[in-house]
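The structure under discussion appears below in the form of structure tokens.
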Amino acid sequence: MGKQLFRYSEANKEGFLDSDNITFNDGSIVTPEEIWHYLTVEGPVKYPSAFEVNLYQGNRGSRDETLPTSLKTRYLGLTFSARMEKAKDNGKSIAFIQGGQAVDPYTAADTIALRPGLVNQWNNGLEYGNDINKENLRRKKSKEKAFHDMSFEACQTGGYEHVQAGNLRIDVIAPYTVLRCSDVSYGVEAHRHGPNKDVKLLNVDFPLRNQADKPWAIEYFAGNLRRLVHTLDEVTGRKTTEDDLLKAIKLHNEGRRLGTELAELWWSADIPPTNSDDRASLVSLGNLETHGDVQASLSVLKEARKFIAERVKNGVKGHAVTDNPKRLFILGSCVGINGSRSEDAGAIVVGRDDQWSHCSSLVEEEGDPYYNLAKTTLEYPYEQGIEKRAQWTIEQIRKSRADGVIFIHNWGCNTQAAISRPIVDIIKRETGIPTYIHERDLHGLRDEQEQNRVNAFIEML
Amino acid sequence: MSIQTLEIIRKRLEERPEELRQARKNGHKVVGWTGYNVPEEIVHALGFIPVRIALGGDDRLVEVGARYASSKTCVFIREIVGAFSENKDPYIQQTDILAFDATCLQNYRAAEVIEYFFKKDVVVLAVPRNFAEDDAKTYFVHEANEFTRLLEERAGRLLDNATLGESVALYNDIRKTLKSIYTFQAARDNVISWEEVYDLIQAGDLLDKKEYLSLLQQTLAELTELQHNPVIEADCDSRIFISGSLIPRGDRKLISIINLAGGRIVGDDLWSGILPHLDLDIKEISPAGVALGYLNRTPHAALPYLDLESDRRLKKLHELLSQSRAHGVIYHTLRYCDPFTFKAKETKNVLAKSGIPLLEIHTEYAGSDYEAMKTRVEAFIEMIRIKSELVEEEAA
Ligand code: SF4
Ligand code: SF4
């Protein structure tokens with residue numbers, strides 16, 4: 001017997017067709033009609049796992065059918081792999097980056113920047129027709145291979161094995177070596193012993209400890225950004241100018257502003273206007289990198305802001321959100337809790353520190369763009385020492401009116417794990433809000449045990 | 001054969017905590033430092049008593065440390081954090097100021113956690129990841145100046161070049177003498193074992209530097225009397241080289257297993273061993289000159305380097321292996337020590353090209369893996385023995 005698949009209802013089609021097109025980097029557009037067709041006909045055949053009605057699905061994708069922009073982020077997610085393949089066929093350059101950074105210099109240098117999650121998404125989408133079990137098995141197998149080739153204590157392997165095998169056509173591995181990530185610089189280094197000699201390697205060296213107060217540290221990081229752009233130019237063969245970078249900063253500032261507005265609008269509502277996953281997928285558009293296409297993200301983001309404002313004004317509640325849910329704020333890198341299952345338990349995720357930290361950091365537009373970008377990057381709240389980071393987090397928790405805080409960290413994410421206790425300590429001390437630290441087990445599988453603990457915490461709240 | 005100076009050193013180590021206590025009573029300050037690139041000479045020249053914070057082997061402290069720094073931090077750092085929490089280690093007890101560096105991010109996190117929970121005064125030296133680049137060196141010079149400024153504030157005086165020059169000369173002499181002593185442990189006749197030299201190196205982390213130099217010189221004199229001309233040759237068929245994560249004082253599990261399995265350790269490139277004392281060339285007497293001397297040594301594995309062919313860490317490993325005439329490498333990786341675990345497979349492959357076998361031993365401070373480690377080490381030593389015999393037979 002085939003698995004039960006979720007289908008979007010035809011009843012909502014008309015409303016969806018009234019919404020805007022998505023415009024892409026290359027100027028092409030996709031109409032709501034085409035998106036609807038993909039989500040109802042093509043998508044379920046290609047990726048049945050994404051439509052499977054199954055408790056164990058990590059993020060089951062938006063089912064909020066009356067919120068067109070959520071369906072659009074769904075579309076962008078499902079077509080991601082095909083779009084990356086197309087971009088490569090058209091000669092576009094692609095870089096591997098870190099999860100906690102903005103992508104302005106990559107945009108300036110006409111390069112698509114993909115963080116580890118997106119690299120995995122690209123790879124996952126290359127195979128069609130899998131159900132959830134098959135898909136999980138396949139992911140697990142490739143993880144095993146990467147663990148073997150790199151280190152079994154690696155938290156994420158960022159598609160190492162696929163890049164090395166040449167299956168994923170990544171031209172350059174060039175992330176920021178931010179403090180949040182214990183693994184990324186060693187991950188870059190690991191590529192030096194793989195068979196793929198064509199992939200370029202660069203660590204963009206992010207210095208540590210109160211660096212934004214030190215002019216020499218800003219200069220140093222700015223120099224690293226110049227080196228990054230130079231390396232990206234070596235791949236594309238073009239010459240990126242300071243003006244290109246300034247334009248990219250302006251574009252990304254627009255995204256960051258809109259993302260921040262959207263988040264604050266959402267927080268201002270008495271009734272949550274979307275569920276946890278929809279909130280996350282819309283707010284994260286502010287970084288413009290989520291779908292490997294800056295313009296596409298921006299066009300959906302602009303529209304999303306409009307829809308959310310309408311919902312907030314009319315007191316519309318998001319799909320599957322319970323009445324008076326317990327509001328959770330999630331801390332920790334590259335990882336979150338299962339939104340829909342937590343909603344079933346009576347909660348809602350109202351914010352995260354990861355991604356939000358750099359989305360809310362605007363870059364100065366007057367003056368040397370490298371220096372400005374370096375300064376802002378070194379000021380990322382997430383990258384600060386314990387006290388400073390905790391104070392910023394408390395501000396976000398207060399703004400979002402969270403009832404509880406969960407610090408969750410991945411297996412092998414040593415530098416987050418190490419400061420989880422002090423951070424929640426300060427939060428508890430200053431806000432009195434209950435907190436809970438969760439260590440995700442090896443291989444990052446979202447399992448029953450994890451959800452049981454999260455549910456117990458929600459119940460306690 | 002026993003080297004009498006080693007006995008004196010053991011005794012002096014027993015007396016050292018009390019000596020530090022007295023020194024502090026008399027107004028001296030003790031700086032506990034940890035980090036591959038902490039320029040100890042600067043600490044010394046400012047009149048502080050430098051003591052290295054490096055201890056391991058106590059699983060209970062690891063558990064205590066995990067309560068503060070999570071169970072996902074490397075075992076070494078967890079133990080250090082645990083030791084600060086308990087405050088029973090006689091050296092940790094005596095520290096007034098801590099100086100940590102950010103060569104390894106986990107070391108840096110330890111500084112933050114200790115500062116937060118145990119209210120310690122911590123000075124941190126940032127270290128560039130792209131250490132080989134010129135702009136990284138410029139950045140590091142700024143950081144070294146800043147590090148010096150922060151220590152000067154605490155010392156209540158400015159660093160003067162003449163004193164720094166004296167400290168550099170003293171440390172240079174220590175390094176030079178250690179290098180000479182180190183040659184003896186790998187030599188025929190074995191007048192001093194690697195284990196004894198290893199303890200001797202670590203004694204220098206704690207003893208007064210001037211006294212330490214004189215004890216080293218005495219040791220060297222005794223050794224020279226016993227063996228005038230140390231010749232290093234493959235005199236037995238199980239010469240083992242240890243590489244990988246550090247093995248600090250208190251942790252002797254792997255070393256004793258190798259000994260029990262009949263292996264003779266003849267060299268190491270450990271941060272807790274000879275490596276930091278090699279190739280330190282201070283070209284200019286200034287904080288910048290000292291710091292650059294440190295940064296230009298064989299890099300620590302925590303600093304990534306992206307070109308395999310020109311990697312100086314691997315080059316040094318090859319050089320030391322050939323000097324020590326080792327037959328195989330036991331590569332020690334501590335739980336959650338990313339800098340070394342990420343490189344285990346690569347190092348194995350690189351050495352395999354030169355016909356040198358490598359065994360990775362991944363461990364923590366619990367005793368539960370003792371038997372499993374022993375079995376693997378025994379099998380490895382047996383394997384290299386058979387291999388050496390075959391080579392000898394072929395040569396004959
Ligand atoms: S979870 Fe942590 S270690 Fe893993 S990729 Fe993210 S930041 Fe890096
Ligand atoms: S190098 Fe390894 S053992 Fe040393 S502090 Fe870093 S992670 Fe820990």
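The values are calculated or read from the model by the stated rules, or taken from the named source; none is laboratory data. Since this is a predicted model, take the numbers as computed values, not measurements. Heads up, the Cβs are rebuilt from the backbone with ideal geometry, glycines too, and the neighbour counts pull from every protein chain shown. Protein only, heavy atoms only, side chains kept; ligands, DNA and RNA dropped before computing areas. Shrake-Rupley method; radii C 1.70, N 1.55, O 1.52, S 1.80 Å.
Things worth noting here:
- Qualifying positions in the stretch A:70-121 - within 16 Å of ligand 1 (Cβ to nearest atom) and either in a helix (DSSP H, G or I) or within 14 Å of chain B (Cβ to nearest Cβ) (or both): A:Phe96, A:Gln98, A:Gly100, A:Pro116, A:Gly117, A:Leu118, A:Val119, A:Asn120, A:Gln121
- Leading residue by the ranking (farthest from B:Ala102 (Cα to Cα)) among those in the stretch A:159-180 that are within 12 Å of another protein chain (Cβ to nearest Cβ) and either open to solvent by 30 Å² or more (accessible area, probe 1.4 Å) or among the hydroxyl-bearing types (Ser, Thr, Tyr) (or both): A:Tyr160
- Residue pairs whose Cβ atoms lie under 8 Å apart, sitting 6 or more positions apart in sequence or on different chains, and linking a residue in the stretch B:67-82 that is within 9 Å of chain A (Cβ to nearest Cβ) and open to solvent by 10 Å² or more (accessible area, probe 1.4 Å) to a partner that is part of a helix (DSSP H, G or I) and of a type in the set (Phe, Trp, Tyr), are B:Tyr68/B:Phe117.
- Some residue of the stretch B:77-98 being part of a loop (DSSP other than H, G, I, E, B), within 13 Å of ligand 2 (Cβ to nearest atom) and modelled with pLDDT of 95 or more: no
- Among the residues of the stretch B:169-205, those identified as under 17 Å from B:Glu222 (Cβ atoms) and among the hydroxyl-bearing types (Ser, Thr, Tyr) are B:Thr177, B:Ser180, B:Tyr182, B:Thr183, B:Ser193.
- Looking only at residues in the stretch B:341-369 that are away from ligand 1 (no atom under 16 Å from the Cβ) and within 9 Å of chain A (Cβ to nearest Cβ), the one that is surrounded by the fewest Cβ atoms within 10 Å (Cβ to Cβ) is B:Asn349.
- Residue pairs whose Cβ atoms lie under 8 Å apart, separated by 6 or more positions or on different chains, with the first residue in the stretch A:334-345 and within 14 Å of A:Glu448 (Cβ to Cβ) and the second among the hydroxyl-bearing types (Ser, Thr, Tyr) and more than 16 Å from ligand 1 (Cβ to nearest atom), are A:Ser342/A:Ser276.
- Qualifying residue in the stretch A:123-131 (condition: surrounded by 20 or more Cβ atoms within 10 Å (Cβ to Cβ) and within 15 Å of ligand 1 (Cβ to nearest atom)): no
- Single residue of A:Asn338, A:Asn314 found to be farther than 21 Å from A:Leu179 by Cα, among the polar types (S, T, N, Q) and modelled with pLDDT under 95: A:Asn338
- Test: residue in the stretch B:44-54 that is in a helix (DSSP H, G or I) and in contact with a Gly (Cβ under 7 Å, 6 or more places away or on another chain): no
- Where a residue in the stretch B:309-337 is without any contact (Cβ under 8 Å) to a residue 12 or more places away in the chain and its partner, wherever it lies, is open to solvent by 50 Å² or more (accessible area, probe 1.4 Å) and away from ligand 1 (no atom under 16 Å from the Cβ), with Cβ under 7 Å and at least six apart: B:Asp311/B:Tyr305
- Comparison of A:Ser281, A:Ser333 shows that the only residue that is under 23 Å from A:Pro381 (Cα atoms) and open to solvent by 20 Å² or more (accessible area, probe 1.4 Å) is A:Ser281.
- In the stretch B:256-297, the residues that are within 16 Å of ligand 2 (Cβ to nearest atom) and open to solvent by less than 10 Å² (accessible area, probe 1.4 Å): B:Asp268, B:Leu270, B:Ser272, B:Gly273, B:Arg297
- Test: B:Ile42 is open to solvent by 10 Å² or more (accessible area, probe 1.4 Å), more than 16 Å from ligand 1 (Cβ to nearest atom) and more than 14 Å from chain A (Cβ to nearest Cβ): no
- Set B:Leu314, B:Leu306: member being out of contact with any His (no Cβ under 7 Å at 6 or more places or on another chain), farther than 26 Å from B:Met373 by Cα and within 14 Å of chain A (Cβ to nearest Cβ): B:Leu306
- Hits in the stretch B:136-167 - residues which are buried (at least 22 other Cβ atoms within 10 Å of the Cβ) and among the charged types (D, E, K, R): B:Glu143
- Extreme residue, nearest to the other protein chains (Cβ to nearest Cβ), among residues of the stretch A:132-153 that are outside any loop (DSSP other than H, G, I, E, B), open to solvent by less than 30 Å² (accessible area, probe 1.4 Å) and aliphatic (A, V, I, L, M): A:Ala146
- Boolean, A:Thr73 is of a type in the set (S, T, N, Q) and within 29 Å of A:Ile337 (Cβ to Cβ): yes
- Residue check for A:Arg209: open to solvent by 70 Å² or more (accessible area, probe 1.4 Å) and in contact (Cβ under 8 Å) with a residue 60 or more places away in the chain: no
- Within the stretch B:178-193, the only residue that satisfies the criterion of being β-branched (Val, Ile, Thr) and open to solvent by 30 Å² or more (accessible area, probe 1.4 Å) is B:Thr183.
- Single condition A:Gln156 does not satisfy, out of (1) of a type in the set (S, T, N, Q); (2) within 13 Å of chain B (Cβ to nearest Cβ); (3) surrounded by fewer than 24 Cβ atoms within 10 Å (Cβ to Cβ); (4) assigned to a loop (DSSP other than H, G, I, E, B): (3)
- Residue check: B:Gln106 meets all listed conditions (1) within 20 Å of the chain's Cα centre (by Cα); (2) part of a helix (DSSP H, G or I); (3) away from every other protein chain (no Cβ under 12 Å) but one, namely (3).
- Residue in the stretch B:109-121 that is nearest to ligand 1 (Cβ to nearest atom), counting only those that are assigned to a helix (DSSP H, G or I) and within 13 Å of B:Gly32 (Cβ to Cβ): B:Ala110
- Flag if A:Arg429 is away from ligand 1 (no atom under 16 Å from the Cβ) and not aliphatic (A, V, I, L, M): yes
- Among the candidates A:Val424, A:Val405, residue that is in contact (Cβ under 8 Å) with a residue 40 or more places away in the chain, more than 13 Å from A:Ser333 (Cβ to Cβ), away from ligand 1 (no atom under 15 Å from the Cβ) and within 14 Å of another protein chain (Cβ to nearest Cβ): A:Val424
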